[in-house]
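Shown next, in structure tokens, is the structure this report addresses.
The values are calculated or read from the model by the stated rules, or taken from the named source; none is laboratory data. Quick caveat, the model's predicted, so the values are computed rather than measured. Methodologically, a virtual Cβ is constructed for each residue, glycine included, from the backbone with ideal geometry; neighbour enumeration extends over all protein chains shown. Heavy atoms of the whole protein, side chains included, go into the accessibility calculation; ligands, DNA and RNA do not. Shrake-Rupley method; radii C 1.70, N 1.55, O 1.52, S 1.80 Å.
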Amino acid sequence: MFRSLPVTGLALLLTLPLAADDKAQPKNSTPSATPAESLKVMKDFKAELLYSVPKDLEGSWVNLCVDPKGRLITSDQNGPLYRITPSALGGPVSDTKVEKLDLPLGGAHGLLWAFDSLYVMVNEDVTVNGEKPKRGLYRVRSKDGGDTFEKPEFLRALQGGGEHGVHAILPGPDGKSLYIVVGDATKMVEPLAASRVPKLWGEDHLLPRMPDGNGFMAGVLGPGGCMYKVDPDGKDWELISTGYRNQFDAAFNRFGDLFTYDADMEWDMNTPWYRPTRVCLAASGSEFGWRNGAGKWPPYYPDSLPAIYNVGPGSPTGMCFGYGAKFPAKYQDALIMCDWTYGKLYAMHLTPDGAAYKGELEELLSGTPLPLTDVVVNPKDGALYFTIGGRKTQSGLYRVTYTGKESTEPSKGGPAPGPLHALRLKLEALHKQDSKAVETAWPYLGHEDRYIRYAARVAVEHQDPKEWQDRALKETDSARAINALLALVRATGLDPFHHPRKPGDPVPGRALQEPILEALEHINFDKLSESQKLDVMRVYAILFNRTGKPEPAARDRLVKRYDPLFPAKGRELNAELCQLLVYLEDPAVAGKALKLMEDAPTQEEQIEYAKSLRVLATGWTPAERKEYFTWYLKAANFKGGNSLQGFFKRMKSDAVATLTDKEKEELKPILDAKPLAPTPIVGKPRPVVKQYKLDDLVPVVEKGLTKRDFDRGRRLFGEAQCFVCHRFDNEGGAQAPDLTVLAGRYSVRDVLEKVVNPNKFVSDQYAAVVFTMKDGKSITGRIVNHNGDTITVMTNMLDPNGTVPVSAKKVDTIEKSKVSMMPEGLLNTFKEDEILDLVAYLLSRGDRDNKMFQK
């Protein structure tokens with residue numbers, strides 16, 4: 001539910017709430033929730049603190065729902081349920097009434113009023129009213145709208161708990177069903193009445209899987225967090241979507257599309273497998289690729305779906321659409337989302353994009369501390385209510401209303417989805433056994449829209465592969481053939497992690513391996529787009545993972561075909577080619593990969609190749625072995641999440657296991673050596689070229705963004721150490737904003753201004769805090785953890801692990817820093833021509849085919 005420790009963000013500074021002037025309240029003040037006047041609220045909106053929860057008596061609230069009479073029901077994370085009658089709009093907040101419900105239920109992560117009942121999802125191990133409810137779904141009927149309740153009915157036990165356990169309940173758009181949200185520590189419900197997700201999932205790693213560097217959930221296999229459709233009596237469960245880490249809540253838009261806000265794994269930061277918190281369209285049959293440790297699928301894998309929007313680091317909690325709120329239409333139609341870590345209430349504005357959507361994120365309000373847990377619209381008064389709390393922190397109930405002059409009449413719905421949306425729904429209706437599915441879906445396997453291709457393939461996978469395997473093998477259209485073969489590989493082979501095989505057991509799908517390889521050879525790889533090439537690599541990976549190594553003749557053909565293509569231009573394709581050639585034991589792959597590691601501008605890219613090379617036992621020269629293990633001495637100084645060094649330890653151990661005794665002896669000085677002194681990820685220290693001024697640079701750059709060099713721009717982004725803090729195109733740090741979306745928001749002048757004058761505007765989300773101590777000293781940095789009276793502060797953005805402990809007892813005041821943690825003068829070591837390549841890269845969204853790079 002909440003970010004696992006170590007935690008990033010200001011929201012954990014729970015003993016030092018900021019007052020309206022951004023300074024700490026007196027230490028002897030009565031503990032209370034953050035005052036409403038301390039919150040930063042969007043213009044023309046008003047926030048009120050209705051109730052500050054007495055923590056010792058009523059706990060820490062994590063959930064909300066609305067009963068038929070407009071009262072709120074909430075749950076203490078570790079205690080009972082409460083009913084809240086909010087004060088009238090415009091009336092004194094002291095009129096808010098809170099009463100404990102006389103029910104033997106609590107520790108709930110999910111609450112919903114529907115079908116004349118209160119549904120409760122018990123997640124925590126608690127004792128309430130002398131009883132200890134089992135984890136799972138309960139229904140409590142009420143004949144009078146929630147004034148009194150009947151005896152709770154236990155509908156379904158769920159094997160999950162803790163903060164990655166069983167979470168939200170929401171009403172289905174058909175008015176006849178419920179939807180259930182569970183995290184990745186919850187076991188799959190069995191038996192299922194149905195599954196829109198083909199039951200073909202696997203770890204599907206071509207090379208040996210690598211669990212978390214600290215052993216977190218090391219034995220847990222995919223597909224991870226799930227969403228289910230359930231009847232009101234909790235009897236029939238249908239699997240809708242899988243592959244999440246820890247999505248706490250979900251919401252339907254008015255067009256029947258389901259969205260969720262999934263958590264990141266902050267211990268993975270600065271690795272190639274890190275995935276930021278993200279908003280996902282939970283389409284029928286969808287898989288989002290959560291796997292333990294280093295196994296998380298990248299967003300380009302065709303057997304999964306990408307995010308609608310990557311938010312960045314944080315802790316997603318409650319969410320809802322603004323329907324029913326007396327807000328301007330834009331905010332009625334917005335997806336309202338809570339971030340516990342950073343204390344932010346977001347408004348995500350969604351617009352149709354092909355068969356799916358694209359999003360734009362806006363900050364509705366924020367505060368410090370403001371650990372948001374849930375949010376609802378109360379249809380009785382049209383106000384938005386949210387709670388803060390969790391982990392036994394100070395809790396409170398707030399109300400948000402609109403005070404401006406725009407119309408608050410019910411929205412007419414905003415832009416409606418187009419014909420591709422209707423086509424997706426038509427294909428999703430075939431996500432079951434259906435005699436017409438193959439004929440209907442097949443033409444769309446090569447559709448240019450990814451969601452259409454995905455929906456079509458899932459429809460095909462639900463049918464008996466004997467009915468369509470010959471068609472897949474003979475398909476002549478390359479785009480359709482790739483996805484047809486992907487479906488065939490998944491439908492006929494079984495992942496060995498999920499279905500362990502004993503020596504001598506028959507390998508499912510093995511007989512089809514050679515025909516599939518022949519079909520893949522008929523595809524003209526050179527004429528494929530970059531994304532199609534990646535899709536082909538994925539088919540090979542799943543094929544060999546599920547059906548075993550190819551015969552020697554086939555292996556030789558593959559090496560002959562793909563060795564000349566490595567290295568390619570794109571980072572992602574290089575990663576996939578590298579692991580395929582390592583798997584096939586190409587004798588040339590080690591030297592090529594080492595050269596890529598040497599030139600890579602990010603530690604993520606270096607780690608990607610090193611991870612693949614760790615299991616290569618053949619084809620090394622002594623010099624290459626030495627170079628590879630020397631890299632670990634450099635990597636010991638890499639910066640990242642809490643599991644980074646643990647991952648390196650696992651990688652090195654795997655690599656050492658491939659050595660002969662003689663090689664171990666020869667390499668002993670390097671294997672036993674101490675880490676090297678810190679060095680730049682790429683390049684050497686650069687001399688100052690010029691002290692650039694904004695007005696001098698803007699006209700030069702505006703006129704010069706043609707015939708630029710994508711790869712040099714990416715390399716310069718690394719040499720400027722931008723990748724250390726910023727993400728771009730799914731690589732880089734998470735201590736600063738993701739810059740991939742710059743092109744859609746900022747002009748050339750805006751981009752240059754943020755680099756040349758970083759202190760002109762400092763984002764609240766990434767701002768530093770100045771601690772003034774009682775002895776007069778000051779410490780400036782970002783809070784990364786809070787444990788008891790000790791606050792851990794990162795004082796250097798370029799060194800996330802270089803932290804300073806601050807004793808809360810010794811703090812006099814805290815205030816937001818007016819100075820950006822981004823250093824000044826980052827462009828001063830570059831020539832104008834280099835700045836042009838760098839800015840073009842920044843504005844490209846990671847697309848090397850952008851017109852700025854056309855020669």
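Of the numbered criteria (1) in a loop (DSSP other than H, G, I, E, B); (2) at pLDDT 95 or above, the one Ser4 fails is (2).
For Val189, the conditions (1) under 31 Å from the mean Cα position of the chain (by Cα); (2) open to solvent by 20 Å² or more (accessible area, probe 1.4 Å); (3) β-branched (Val, Ile, Thr) all hold with the exception of (2). Any residue that is loosely packed, with under 13 Cβ neighbours inside 10 Å, over 33 Å from the mean Cα position of the chain (by Cα) and part of a strand (DSSP E or B) - is there at least one of those in region 98-110? Yes, there is a match, as at least one residue in region 98-110 is loosely packed, with under 13 Cβ neighbours inside 10 Å, over 33 Å from the mean Cα position of the chain (by Cα) and part of a strand (DSSP E or B).
Picking from residues in region 346-371 that are open to solvent by less than 20 Å² (accessible area, probe 1.4 Å) and part of a loop (DSSP other than H, G, I, E, B), the one that is nearest to Glu37 (Cα to Cα) is Gly367. Residue check: Val377 meets all listed conditions (1) touching a Cys at 6+ places or on another chain (Cβ under 9 Å); (2) open to solvent by 30 Å² or more (accessible area, probe 1.4 Å) but one, namely (2).
Cβ-Cβ distances below 9 Å connect the following pairs, each with a first residue in region 82-107 that is within 15 Å of Val62 (Cβ to Cβ), a second residue that is surrounded by fewer than 12 Cβ atoms within 10 Å (Cβ to Cβ) and of a type in the set (D, E, K, R), and a separation of six or more residues or different chains: Tyr82/Glu99; Ile84/Glu99. Report whether or not Ala568 is open to solvent by 10 Å² or more (accessible area, probe 1.4 Å), under 20 Å from Tyr540 (Cα atoms) and either assigned to a helix (DSSP H, G or I) or not hydrophobic (A, V, I, L, M, F, W, C) (or both). It is false that Ala568 is open to solvent by 10 Å² or more (accessible area, probe 1.4 Å), under 20 Å from Tyr540 (Cα atoms) and either assigned to a helix (DSSP H, G or I) or not hydrophobic (A, V, I, L, M, F, W, C) (or both).
Of the helices (runs of 4 or more DSSP H) lying entirely inside region 427-533, none contains at least 3 residues that are at pLDDT below 95 and under 30 Å from Pro352 (Cβ atoms). I want to confirm something. Restricting to region 414-436 and keeping residues that are within 20 Å of Pro302 (Cα to Cα) and among the aliphatic types (A, V, I, L, M), which single residue is least open to solvent (accessible area, probe 1.4 Å)? So the residue we want is Leu427. Selection of helices (runs of 4 or more DSSP H) fully inside region 588-659 by the criterion of at least 2 residues being among the polar types (S, T, N, Q) and surrounded by fewer than 22 Cβ atoms within 10 Å (Cβ to Cβ) returns 644-656. Mind listing just one residue for me: the one in region 26-75 that is open to solvent by 30 Å² or more (accessible area, probe 1.4 Å), hydroxyl-bearing (Ser, Thr, Tyr) and touching a residue at least 40 places away in the same chain (Cβ under 8 Å) and, of those, nearest to Ile814 (Cα to Cα)? Looking at residues that are open to solvent by 30 Å² or more (accessible area, probe 1.4 Å), hydroxyl-bearing (Ser, Thr, Tyr) and touching a residue at least 40 places away in the same chain (Cβ under 8 Å), I get Ser32.
So that you can scan it fast, the table gives a plain yes or no per residue for (1) surrounded by fewer than 21 Cβ atoms within 10 Å (Cβ to Cβ); (2) touching a residue at least 60 places away in the same chain (Cβ under 8 Å):
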{"position": "Ser195", "(1), (2)": "yes, no"}
{"position": "Pro208", "(1), (2)": "yes, yes"}
{"position": "Asp231", "(1), (2)": "yes, no"}
{"position": "Ile240", "(1), (2)": "no, yes"}
{"position": "Asp262", "(1), (2)": "no, no"}
{"position": "Met269", "(1), (2)": "no, yes"}
{"position": "Tyr274", "(1), (2)": "no, yes"}
{"position": "Val279", "(1), (2)": "no, yes"}
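Conditions (1) within 23 Å of Pro299 (Cα to Cα); (2) in contact (Cβ under 8 Å) with a residue 12 or more places away in the chain; (3) touching a Leu at 6+ places or on another chain (Cβ under 7 Å), marked per residue:
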residue	(1), (2), (3)
Ile523	no, yes, no
Met537	yes, yes, yes
Ala541	yes, yes, yes
Asp563	no, yes, yes
Lys569	yes, yes, no
Pro587	no, yes, no
Leu594	no, yes, no
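Matching residues to (1) small (Gly, Ala, Ser); (2) open to solvent by 30 Å² or more (accessible area, probe 1.4 Å); (3) modelled with pLDDT of 95 or more:
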position: Leu81; (1), (2), (3): no, no, yes
position: Ser117; (1), (2), (3): yes, no, yes
position: Val126; (1), (2), (3): no, no, no
position: Arg139; (1), (2), (3): no, no, yes
